[in-house]
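Throughout, read-outs are computed from the coordinates displayed, never taken from laboratory work. Note that this is a predicted model, so its numbers are computed, not measured. A quick note on method: Cβ atoms are made from the backbone with ideal geometry, for glycine too, and the neighbour counts reach across all protein chains shown.
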Amino acid sequence: MTYADVIVNITAHALDRPFQYRIPEHLRGRLEIGSVVTVPFGKGNRPVTGYVIGLSDQPALEPERIKELSEAVLGASDEEKRLTGLAVWIRDRYGSTMLQALHTVLPVKRKVRAKESRLVILQLPEDLAGRELELLKRKHQTARARVLEALIEEQSLPWEIVTEKLHVTPSVLQAMVKKGYIRIESTRVYRKPPLPEALAHGAVSLNGQQQAIVDSVCGEWEKNPCGRFLIQGVTGSGKTEVYMELIAYAVSRSEQAIVLIPEIALTYQTLMRFYHRFGDRVSVIHSRMSEGERFDQFERARNGDIDVMIGPRSALFTPFPHLGIIVIDEEHEESYRSEQAPRYHAREVAFQRGRMEGAKVVLGSATPSLEAARAGRTGELTLFKLNQRARAVSLPEVGIVDLRTESRDGSFSLLSRPLRDKMENCLQKGDQMMLFLNRRGYASSVTCRSCGQVIKCPHCDVSLTLHANGSLACHYCGYEMPMPDRCPECGSIYLRTFRAGTEQVEEEVTRLFPQARVLRMDRDTTSEKDAQLKILSAFASHEADILIGTQMIVKGHDFPDVTLVGILLADLSLNIPDYRAAERTFQLLTQAAGRAGRASKSGCVLIQTYDPDHYAVQCAARQDYEEFYRQEMAFRSMALYPPAGSLIAIHCSCADRGHLETAARYLRLFLEKILKRTNAAVLGPADENVAKINDIWRMVLYLRGGSAELLREARRRLERYIEANEGFSTVEIQFDVDR
Ligand code: ADP
Ligand code: ZN
Ligand code: ZN
């Protein structure tokens with residue numbers, strides 16, 4: 001190969017295209033995708049660093065005009081090369097700039113200085129030092145004198161003491177180094193996250209089901225280096241024990257492991273279990289760490305100081321030399337998808353990294369995503385099930401409260417009569433309860449309180465949302481209709497949006513149960529650092545009887561005395577204008593139900609809803625994943641939503657509304673042209689769910705139908721079209737695949 005495509009590592013949007021350079025003779029055959037090189041750049045041929053993202057024999061312009069690259073940067077590690085290769089894949093899969101993709105996989109800027117501990121050490125023999133000190137004092141060089149005097153006492157002092165306590169500037173110290181008075185020694189210290197004291201956590205011996213999984217995965221470790229597995233097991237069925245056993249096996253073969261855990265579930269208890277098992281060969285990254293701290297953890301991984309990295313999405317890019325296994329716990333969680341370009345999904349990127357580096361991928365969930373469940377059924381993933389809780393605890397009893405009967409009887413309280421009875425009962429026994437109100441959804445879809453139907457788009461089968469101008473609109477295709485006076489299904493006049501919040505729940509609870517002690521956890525009460533932890537630990541130590549909260553409270557926390565869980569309005573997540581609404585609801589309800597009866601006490605769950613016959617509600621109540629999967633997959637297949645079909649969202653934003661509309665229309669026209677005579681279609685443009693943020697207008701188009709490759713090719717052509725047309729320069733355009 002004679003030419004290399006190089007991305008120049010400068011953070012300016014305009015430079016986000018590769019430049020071609022000739023590879024000098026001595027480097028031919030030695031460069032690969034991901035190599036870090038130095039190239040002459042711009043008019044002045046300034047040397048800059050770049051990444052090789054492609055190699056070819058074809059010159060892109062007349063060969064005389066192609067510059068020669070200067071050198072390959074030594075010490076660019078294999079890890080870095082592999083991760084750059086991964087960035088190339090991510091860029092092509094999700095559509096983003098190459099720099100955005102590079103910054104995702106090599107996230108910590110090199111500029112972050114490693115933390116050092118520096119010592120100032122006396123270089124002179126003591127008698128000579130004494131004489132020099134006299135000299136300095138006579139010359140009134142007081143700063144130098146102070147340093148020397150202190151060092152005669154101590155021989156060496158930490159840099160911080162000298163600069164901060166003796167008030168000596170670094171330049172004075174440098175001068176003293178030059179004169180041979182002192183030397184400065186620095187040792188690299190890594191910022192380690194504080195290691196919790198290992199908890200006395202008895203080792204468990206795996207049960208038959210767990211052991212079978214371990215045997216199966218380890219039995220073909222070498223034969224099937226890129227094996228992919230899904231462990232479908234209810235909360236508490238012992239998945240984490242299985243992960244740890246698999247990781248121990250990898251470590252015994254000198255391979256490393258990455259464990260992805262949703263940030264919200266990255267609890268103290270989980271970390272302790274890993275620390276207990278793997279000691280200080282474990283590290284963790286999380287979003288509250290500084291860039292420098294994260295950089296250091298990645299360095300420790302690169303240097304072989306650790307074997308296991310635990311963290312949210314970004315831990316996936318830990319530069320391990322011999323990655324053996326990637327575990328993704330709670331694989332269905334939304335937080336595994338990046339909200340910024342490139343909008344990648346950790347599951348898919350883990351598969352790709354596994355393929356490139358010969359590492360296994362193990363997914364775990366009680367309620368797998370449709371994607372994973374389907375792959376488990378087509379054989380792309382090996383599916384294992386753990387269907388009992390490891391510690392004998394019965395699953396809770398789940399009941400459904402039909403809110404339509406409540407409202408027909410004139411009761412509009414957020415606490416239905418059956419729920420109030422259970423609460424009464426629970427309080428009398430001195431047990432605890434959790435009341436859960438999912439507020440993440442959009443409160444602006446319209447539901448009939450008589451028949452429970454939500455008003456949906458006739459074209460997209462997602463709920464319409466009520467706008468301030470009084471019309472109902474679809475956020476997929478842009479369809480609009482006036483708000484009807486009566487329910488289109490049953491003719492009732494009780495068409496409403498939901499405006500329930502956790503504050504109202506708290507008011508209602510304290511009104512009905514004035515003697516109960518109540519805690520509330522939502523965005524408002526947890527804005528302060530550690531507030532969340534404080535609320536949870538107060539509840540754990542029984543300082544309250546009732547915990548009211550949003551979805552924050554349903555994840556990963558064990559409260560042995562909770563025997564009642566109330567889900568106040570399942571419809572809130574059921575009616576979000578998103579084709580995944582049923583999936584999200586099923587997951588949330590199942591998870592929330594898992595909060596009750598965790599220890600020795602048996603529990604009870606009540607789900608309140610206006611749509612009690614909905615399969616997501618019914619299946620969650622029966623804890624019947626298979627039936628849910630069957631129904632949901634039938635819906636996806638019929639409507640061609642992922643994973644049955646492909647979908648690409650094209651998010652456009654611009655400060656000028658008119659310009660945005662014009663640009664979006666042009667995108668549509670272009671796409672219609674290139675998709676003619678294919679089975680793919682363009683939907684929209686439509687306003688986004690939130691049509692304006694910070695005075696920036698937002699619209700979205702969707703590409704739907706056809707194969708993933710067809711849509712990907714359409715996206716590539718669209719990207720070229722956008723780049724070639726000045727008119728799009730003020731419009732920010734991002735792609736979102738399969739969402
Ligand atoms: P999951 O990850 O599926 O939620 P965990 O691995 O956290 O399940 O297991 C739940 C609880 O059961 C933990 O306290 C764990 O120590 C315990 N446990 C798991 N497997 C066993 C086993 N084979 N024997 C005894 N206890 C077990
Ligand atoms: Zn109705
Ligand atoms: Zn629609």
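Brief remarks on what is shown
- For the chain, the longest principal axis of the alpha carbon atoms and the long axis of helix 417-428 meet at an angle near 60°.
- Two-decimal ratio, region 603-677, of alpha-carbon radius of gyration to 2.2 N^0.38 Å: 1.78
- Between the beta carbons of Arg281 and Cys490, assuming R0 = 56 Å, the FRET efficiency works out to 0.35 to the nearest 0.05.
- Taking other C-beta atoms within 10 angstrom as a stand-in for reagent exposure, Ile696, Ile33 fall in the order Ile696, Ile33, fewest first.
- Coordinate range of the alpha-carbon atoms in region 510-633 per principal axis, descending: 43, 33, 28 Å.
- Among the cysteines of the chain, Cys218, Cys226, Cys426, Cys477, Cys604, Cys619, Cys652, Cys654 have no other cysteine beta carbon within less than 4.7 Å of their own.
- Computed [θ] at 222 nm, deg cm²/dmol, the chain (DSSP H ≥ 4; -39,500 (n - 2.57); rounded to nearest 500): -10000 deg cm²/dmol
- Amide H partners (placed H, <5 Å) of Gly324, local residues excluded: Gln256, Ala257
- Kirkwood radius for region 643-709, taken over all pairs of different Cα atoms as the inverse mean of 1/r, rounds to 12.5 Å.
- The ellipsoid that matches the Cα gyration tensor of region 116-188 has semi-axes, each √(5λ) in whole angstrom, of 19, 13, 10, with the longest given first.
- Report note on the peptides 257-266, 580-589: ranked by the mean count of other C-beta atoms within 10 Å, highest first, their order is 580-589, 257-266.
- Approximate spin-label separation Gln155-Thr662, in nm, with each point projected 7 Å along Cα-to-Cβ: 7.7 nm
- Volume per residue for the chain equals 227 cubic angstrom (convex hull of Cα atoms).
- C-alpha long axis of helix 208-219 to longest principal axis of the chain, angle in °: 40 degrees
- With q set to 0.30 Å⁻¹, the log10 of I(q)/I(0) for region 246-290, from the Debye formula over equal scatterers at the Cα positions, is -1.25.
- Region 3-105 - Rg (one decimal) and Dmax (whole number), Cα, Å: 12.9, 36
- Sorted peptide list for 161-171, 399-409, criterion being average Cβ within 10 angstrom, highest first: 399-409, 161-171
- Fraction of the pair-distance distribution of region 698-739 above 16 Å, Cα-Cα pairs, percent: 41 percent
- At an R0 of 41 angstrom, the distance between the Cβ atoms of Arg377 and Glu62 translates into a FRET efficiency of 0.15.
- For region 208-386, projected area of the alpha-carbon convex hull averaged over all directions, nm²: 9.7 nm²
- Shown in residue order for region 88-98 are the 3J(HN,Hα) couplings computed by the Karplus curve 6.51 cos²θ - 1.76 cosθ + 1.60 at θ = phi - 60°: 4, 5, 4, 4, 6, 6, 10, x, 6, 6, 5 Hz (x for Gly and Pro).
- Two-site FRET efficiency, Met633 against Glu299, from Cβ-Cβ distance with R₀ of 56 Å, rounded to 0.05: 0.80
- Looking at the chain, the DSSP beta bridges with both ends there are about 55 percent antiparallel.
- Cα extents of region 200-311 along the three principal axes, largest first (Å): 43, 30, 25
- Helix axis angle, 126-138 relative to the chain longest principal axis, alpha carbon, degrees: 90 degrees
- Once the Cα-Cα distance is subtracted from the 0.36 nm per residue extended length, the Ser254 to Gln269 segment shows a gain of 2.8 nm.
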